[in-house]
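*Asks:* Got a structure here, written out as structure tokens. Questions coming.
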């Protein structure tokens, strides 16, 4: 069964692009909880930014996701393709 159609709400997904100095925020090694002190410190210093993307987005977390994205590409209907 496919996931139900979305309600048009924004989701929180993304990637981090970090300056090397950000790794200094990881003070407890593997025990550091990234979403707590590191991100909270960056936010409090005004150094955390986001970008709202209104274009095509699809996760590629599983083999099935990869196969679906490859099928879009192979069909010539890949929404992310901006060149011809």
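*Asks:* Bin all alpha-carbon pair distances of the chain at 10 Å intervals from 0 and give each bin's fraction as a whole percent.
*Replies:* Distribution as computed: 12, 32, 28, 24, 5 percent.
*Asks:* Ok, one more. So what is the 222 nm mean residue ellipticity for the chain from helices alone, if each DSSP H run of at least 4 adds -39500 (n - 2.57) and you divide by all residues, rounding to the nearest 500 deg cm²/dmol?
*Replies:* Computed ellipticity for the chain at 222 nm equals -7500 deg cm²/dmol.
All of the numbers you see were taken from the coordinates with simple rules; none came from a lab. Note that this is a predicted model, so its numbers are computed, not measured.
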